[in-house]
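Notes follow the structure.
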Amino acid sequence: MIHRIRSSSRKARVAVVTAIFTCVIGLIASIIFTAVVRMKDDANNIDDARAGRAVTSAIRSFQARLGSTVRDNAVWDDAYTKIGSPDGAAWAYENWGKTTEDYPLYDVAIVLTPTRNVLNAYNKGAAFDPARFFGNSLFELAKRASLSGQRGVTAFVPTADGIYLVAAGAIQPYITSPSMQNFSTLFFAKLLTPEVVEQLDETFDIGGLKLVASPDREGLSIPLLGDSGRSVAYLQWPSRMPGNLTFNAVYKSLLVAGVLFVSFLMAIVATAIAVVRGLHRDALSARFKATHDSLTGLMNRAGLLDGIKASRSMQGDGFALALVDLDGFKEVNDAWGHAIGDQLIKLVAGRMKETLPQTQIICRLGGDEFAFLGATKAIEESSGALIRALHEPFRIGGRTIEVGASIGISPYSSDVSDGYELLRRADMALYEAKESGRGRVVSYLASLDVQRLHRAEMEDKLRRAIENGEVRPAFQPLVDAKTGSLRGVEALARWVPETGPISPEVFIAVAERAGLIDELGRQILEISVETASSWDDVGLSVNLSPVQLRNPDFAALVQSVLEMRGFDPYRLTLEVTEGVLMSNPEQAKRTIARLKSIGVKFALDDFGCGYASIGALREFGFDRMKIDRSLVTALQDSKGAGILNATLSLAKALEIPVTAEGVETQEQADSLAESGCDQLQGYLVGRPMSAQEIEEIFLRVAA
Ligand code: C2E
Ligand code: MG
Ligand code: MG
């Protein structure tokens, strides 16, 4: 849940960053694009303005040229004199009218008398009626010319043939006097033919200049003004739009650069997103690995501690932790190997998932230890169901494997400081469940802590007792079943603290648990060997804990003890229980083989009370079998006698001699001797006793 929230907020952050990034890219792109468009428009406008100025100059120079031509001809002493004379019309024809025929500067020449009558009018060499042709404009211009002194005036005039530039000047001498008024007027007019317009176009480098009545919207234009100051036509030309040309030329490069730029940035964004995602995935997988067990995929100890923390904040004190330990898993591992052990662990995990409600968190803490966490009541109910479920056989590769489970429950309460304390309590309850007979569910109680304290005290006491040599052997006689003569003695550890004797059944287990068994075993062996070394021909049996046999240095230790005391190895028998067949049998086998090679014998102790197999008996090469007291006691009923006889025939078949333990009555002794036991041990013959008692009771008799 927390992960999902974190990952969605991370996604939102990535989305916001990407959006900002995209906006910034968009903004940069639009600024660049706007600047380019602006440059394009500016270039167009600058060129349009230039063209406008050029066309204006063209018109002005056209007007100026015709204006100065008319002035040069009008302000002329001869002209003034001749026009006023009777053959003025002929003179005007000779000088101007005739010229119109093929003169490039003007097409029309007109002379109006001071009274505005037509003296003379020629268009392209032919006489014509100017008043009809040019209309009122002619007289308006004449009026303006008369008012403008020696300067010519011009105006564009529309006619049936087209637009004319008409220039007018008052015909006068160079030097005029105020008395001179009412001059005749000279007009020159030039028709704006397409050729004329084209020439203007070329001269001023405009391109596409045209004369039009009214300009269309797309082109650029300048009005041609008539005598009244109103436009009579327009010169129009298309905008060259150099900006567009440049823009079009660089547009593709810009586009490619833009696409490259955007792709590059997008690639950076995509890479960044991929890197962030990768890191996120790595973090998730590292977190998963840190909190999960690789074999089963269940949560591990770290995951469980997280789960406890979360449960504390969410459920308050209504939850509990249950620890599960498989009974007999070690044996499975030792017997079938780790691959089968791993498969079993997976199957157990699967069965736990099937059995426990989905609301409970299931974990594997390591080895064969599991845990589950949930509401207290549900945990208690589930525990029983889980014990039953795990008791059902598992099938692995054609094998049927049976294990069981013990469960310790620790309900959370306000005095639990943290997850470690909850685990410790559950562990204590689990220990108790295993101690009190497997396949049980035990809930934590404060009294368990007291017991644990006692155990710790006991361990402490035992440690000190071993250090002070207070644990010593007693010796129990082993006699010939037929003759009753002493064959050997079994050394049995004795510890009698001030509070009274403690059974080896109890303190041997404590020593094993507390790691004191090697030292204890060494002391018992040394004292026994030393004591028995003076008893010629008497065998010595010493008990071994499976833990000792697992120690690779054990064989060397036994050998050095025997050598130091000069004790014949053939006189020593080491008794081991079937527990040794279960844990690390390979190491035990090596130790047994090494000691057997120097003559030490091995006896399988307490046979018949467990489930040691006949195969194992042969495999380990035991030299003797000691049948358990429970089999001897059971002799009194027929069923028990049957079992005992079957066991003895088996030993006979394997050619292994048998010692009967716990023989308390003569009947038992007789029947055992009859059935084939060659050695007897029990209170009937003698209780475990001191070395001195052995010497007094048995050795003197023997002697
Ligand atoms: P064990 O090796 O089977 O020893 C025989 C046990 O049966 C002894 O108990 C002995 O006192 C008892 N016993 C013998 N005859 C009779 C009888 O006729 N009736 C009854 N009721 N009991 C009889 P103990 O001495 O209490 O030892 C118990 C177990 O502790 C031993 O069983 C052995 O497994 C273990 N043990 C004793 N000493 C040592 C030791 O030095 N090292 C190790 N590793 N284990 C030891
Ligand atoms: Mg024994
Ligand atoms: Mg025994």
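The values are calculated or read from the model by the stated rules, or taken from the named source; none is laboratory data. Just so we're clear, the structure is a prediction, and the values are computed from it rather than from any experiment. Cβ coordinates were reconstructed from backbone atoms using ideal geometry, including for glycine residues, and neighbour counts include every protein chain displayed.
Scan (1) away from ligand 3 (no atom under 16 Å from the Cβ); (2) surrounded by 21 or more Cβ atoms within 10 Å (Cβ to Cβ) for the single condition Glu519 breaks and write down its number.
(2)
Pick out the one residue from Tyr251, Tyr234 that is among the aromatic types (Phe, Trp, Tyr), touching a Ser or Thr at 6+ places or on another chain (Cβ under 6 Å) and surrounded by 12 or more Cβ atoms within 10 Å (Cβ to Cβ).
Details: Tyr251 fails: touching a Ser or Thr at 6+ places or on another chain (Cβ under 6 Å).
So the residue among Tyr251, Tyr234 that is among the aromatic types (Phe, Trp, Tyr), touching a Ser or Thr at 6+ places or on another chain (Cβ under 6 Å) and surrounded by 12 or more Cβ atoms within 10 Å (Cβ to Cβ) is Tyr234.
Going by the structure shown, is Leu540 more than 11 Å from ligand 1 (Cβ to nearest atom), assigned to a helix (DSSP H, G or I) and farther than 20 Å from Lys330 by Cα?
On the way: more than 11 Å from ligand 1 (Cβ to nearest atom): yes; assigned to a helix (DSSP H, G or I): no; farther than 20 Å from Lys330 by Cα: yes.
No: the conditions fail for Leu540.
Given Ala465, Ala429, Ala446, Ala481, which one is buried (at least 17 other Cβ atoms within 10 Å of the Cβ) and out of contact with any helix residue (DSSP H, G or I) (no Cβ under 7 Å at 6 or more places or on another chain)?
Details: Ala429 fails: out of contact with any helix residue (DSSP H, G or I) (no Cβ under 7 Å at 6 or more places or on another chain); Ala446 fails: buried (at least 17 other Cβ atoms within 10 Å of the Cβ); Ala481 fails: out of contact with any helix residue (DSSP H, G or I) (no Cβ under 7 Å at 6 or more places or on another chain).
Sole residue among the options that is buried (at least 17 other Cβ atoms within 10 Å of the Cβ) and out of contact with any helix residue (DSSP H, G or I) (no Cβ under 7 Å at 6 or more places or on another chain): Ala465.
Which pairs do you get when a residue that is in the same structural domain as Asp368 (by TED's automatic domain parsing), found in region 387-398, comes within reach of a residue that is loosely packed, with under 10 Cβ neighbours inside 10 Å, reach meaning Cβ atoms under 9 angstrom, with the pair 6+ apart or on two chains?
Ala389/Glu354; Pro393/Thr400; Phe394/Thr400
Name every residue in region 501-535 that is under 20 Å from Ala456 (Cβ atoms), more than 16 Å from ligand 2 (Cβ to nearest atom) and either assigned to a loop (DSSP other than H, G, I, E, B) or not assigned by TED's automatic domain parsing to the domain that holds Ala603 (or both), in order of residue number.
Gly515, Leu516
List pairs: first residue in region 619-630 and assigned by TED's automatic domain parsing to the domain that holds Ala660, second residue in a loop (DSSP other than H, G, I, E, B) and away from ligand 1 (no atom under 16 Å from the Cβ) anywhere in the structure, Cβ distance under 8 angstrom, at least six positions apart or on different chains.
Pairs that qualify, where the first residue is assigned by TED's automatic domain parsing to the domain that holds Ala660 and the partner is in a loop (DSSP other than H, G, I, E, B) and away from ligand 1 (no atom under 16 Å from the Cβ), are Phe622/Ile656; Asp623/Ile656; Asp623/Pro657; Arg624/Ile656; Arg624/Pro657; Met625/Ile656; Met625/Pro657.
What about Val600, is it in contact (Cβ under 8 Å) with a residue 12 or more places away in the chain, closer than 24 Å to Pro688 by Cα, in the same structural domain as Asp480 (by TED's automatic domain parsing) and more than 16 Å from ligand 3 (Cβ to nearest atom)? Lay out the reasoning, then the answer.
Numbers: in contact (Cβ under 8 Å) with a residue 12 or more places away in the chain: yes; closer than 24 Å to Pro688 by Cα: yes; in the same structural domain as Asp480 (by TED's automatic domain parsing): yes; more than 16 Å from ligand 3 (Cβ to nearest atom): yes.
In short, yes.
Just checking, how many residues over region 428-475 are outside any helix (DSSP H, G or I) and under 15 Å from Pro411 (Cβ atoms)? Quick ask: steps written out before the conclusion?
Here is the first cut: in region 428-475, the residues outside any helix (DSSP H, G or I) are 436-445, 468-475.
Narrowing further to those that are under 15 Å from Pro411 (Cβ atoms): 441-445.
Counting residues in region 428-475 that are outside any helix (DSSP H, G or I) and under 15 Å from Pro411 (Cβ atoms) gives 5.
Might you let me know whether region 574-583 holds any residue that is surrounded by fewer than 21 Cβ atoms within 10 Å (Cβ to Cβ), in contact (Cβ under 8 Å) with a residue 60 or more places away in the chain, away from ligand 3 (no atom under 16 Å from the Cβ) and under 29 Å from Lys330 (Cα atoms)?
Yes, region 574-583 contains at least one residue that is surrounded by fewer than 21 Cβ atoms within 10 Å (Cβ to Cβ), in contact (Cβ under 8 Å) with a residue 60 or more places away in the chain, away from ligand 3 (no atom under 16 Å from the Cβ) and under 29 Å from Lys330 (Cα atoms).
Of a type in the set (Val, Ile, Thr) and either without any contact (Cβ under 8 Å) to a residue 12 or more places away in the chain or closer than 30 Å to Phe247 by Cα (or both): which single residue out of Ile110, Ile59, Ile32, Ile83 fits that description? Lay out the reasoning, then the answer.
Working: Ile110 fails: either without any contact (Cβ under 8 Å) to a residue 12 or more places away in the chain or closer than 30 Å to Phe247 by Cα (or both); Ile59 fails: either without any contact (Cβ under 8 Å) to a residue 12 or more places away in the chain or closer than 30 Å to Phe247 by Cα (or both); Ile83 fails: either without any contact (Cβ under 8 Å) to a residue 12 or more places away in the chain or closer than 30 Å to Phe247 by Cα (or both).
On inspection, the qualifying residue turns out to be Ile32.
Conditions: (1) within 16 Å of ligand 3 (Cβ to nearest atom); (2) more than 59 Å from the chain's Cα centre (by Cα); (3) modelled with pLDDT under 90. Cys609 meets all but one. Number of the miss?
(2)
Identify, by number, the condition in (1) surrounded by 13 or more Cβ atoms within 10 Å (Cβ to Cβ); (2) over 25 Å from Gly303 (Cα atoms) that Thr376 doesn't meet.
Status for Thr376: all satisfied but (2).
Would you pick out the residues in region 35-45 that are among the hydrophobic types (A, V, I, L, M, F, W, C) and touching a Gly at 6+ places or on another chain (Cβ under 8 Å)? Don't jump to the end; show me each part of the working.
At the first step, the residues of region 35-45 found to be among the hydrophobic types (A, V, I, L, M, F, W, C) are 35-37, 39, 43.
Residues satisfying the conditions are Met39, Ala43.
For the structure I just gave you, tell me whether Lys652 is touching a residue at least 12 places away in the same chain (Cβ under 8 Å), more than 16 Å from ligand 3 (Cβ to nearest atom) and more than 16 Å from Val479 (Cα to Cα). Steps first, please.
Values: touching a residue at least 12 places away in the same chain (Cβ under 8 Å): yes; more than 16 Å from ligand 3 (Cβ to nearest atom): yes; more than 16 Å from Val479 (Cα to Cα): yes.
Against the criterion (touching a residue at least 12 places away in the same chain (Cβ under 8 Å), more than 16 Å from ligand 3 (Cβ to nearest atom) and more than 16 Å from Val479 (Cα to Cα)), Lys652 qualifies.
Give Glu586, Glu563 a once-over and let me know the one that is within 51 Å of the chain's Cα centre (by Cα), free of Cβ contacts under 8 Å to residues at least 12 places away in the same chain and part of a helix (DSSP H, G or I).
On the way: Glu563 fails: within 51 Å of the chain's Cα centre (by Cα).
Unique residue meeting the criteria: Glu586.
So if I check each of Ala456, Ala474, Ala511, which one is within 16 Å of ligand 3 (Cβ to nearest atom) and not basic (Lys, Arg)?
Values: Ala456 fails: within 16 Å of ligand 3 (Cβ to nearest atom); Ala511 fails: within 16 Å of ligand 3 (Cβ to nearest atom).
After ruling out the rest, the residue left standing is Ala474.
Would you check if Ser541 is buried (at least 21 other Cβ atoms within 10 Å of the Cβ), within 16 Å of ligand 3 (Cβ to nearest atom) and either in the same structural domain as Val658 (by TED's automatic domain parsing) or more than 16 Å from Ile466 (Cβ to Cβ) (or both)? Write out each step before concluding.
Values: buried (at least 21 other Cβ atoms within 10 Å of the Cβ): yes; within 16 Å of ligand 3 (Cβ to nearest atom): yes; either in the same structural domain as Val658 (by TED's automatic domain parsing) or more than 16 Å from Ile466 (Cβ to Cβ) (or both): yes.
Against the criterion (buried (at least 21 other Cβ atoms within 10 Å of the Cβ), within 16 Å of ligand 3 (Cβ to nearest atom) and either in the same structural domain as Val658 (by TED's automatic domain parsing) or more than 16 Å from Ile466 (Cβ to Cβ) (or both)), Ser541 qualifies.
Results for (1) within 14 Å of ligand 2 (Cβ to nearest atom); (2) in a loop (DSSP other than H, G, I, E, B); (3) touching a helix residue (DSSP H, G or I) at 6+ places or on another chain (Cβ under 6 Å), shown as yes or no for each residue.
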residue: Arg594; (1), (2), (3): no, no, yes
residue: Gly621; (1), (2), (3): no, yes, no
residue: Leu635; (1), (2), (3): no, no, yes
residue: Glu674; (1), (2), (3): no, no, no
residue: Glu695; (1), (2), (3): no, no, no
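Can you work out which of the residues in region 525-537 that are surrounded by fewer than 23 Cβ atoms within 10 Å (Cβ to Cβ) and of a type in the set (A, V, I, L, M) is nearest to ligand 1 (Cβ to nearest atom)?
Ile527
Out of Ala274, Ala310, Ala267, I need the residue that is in a helix (DSSP H, G or I), surrounded by 13 or more Cβ atoms within 10 Å (Cβ to Cβ) and small (Gly, Ala, Ser). Which one?
Values: Ala274 fails: surrounded by 13 or more Cβ atoms within 10 Å (Cβ to Cβ); Ala267 fails: surrounded by 13 or more Cβ atoms within 10 Å (Cβ to Cβ).
Of Ala274, Ala310, Ala267, the one residue that is in a helix (DSSP H, G or I), surrounded by 13 or more Cβ atoms within 10 Å (Cβ to Cβ) and small (Gly, Ala, Ser) is Ala310.
Just to be sure I understand, how many residues within region 638-672 are hydroxyl-bearing (Ser, Thr, Tyr), part of a helix (DSSP H, G or I) and farther than 19 Å from Leu617 by Cβ?
Of all residues in region 638-672, those hydroxyl-bearing (Ser, Thr, Tyr) come to 638, 647, 649, 659, 665, 671.
After this cut, where a residue has to be part of a helix (DSSP H, G or I) as well, the list is 638, 647, 649, 671.
Filter again for farther than 19 Å from Leu617 by Cβ, leaving 638, 671.
Total meeting the criteria: 2.
For region 613-621, indicate whether the set of residues that are at pLDDT 90 or above and closer than 20 Å to Leu540 by Cα is non-empty. Break it down stepwise before answering.
Just the residues of region 613-621 that are at pLDDT 90 or above, to begin with: none.
Checked region 613-621: no residue is at pLDDT 90 or above and closer than 20 Å to Leu540 by Cα.
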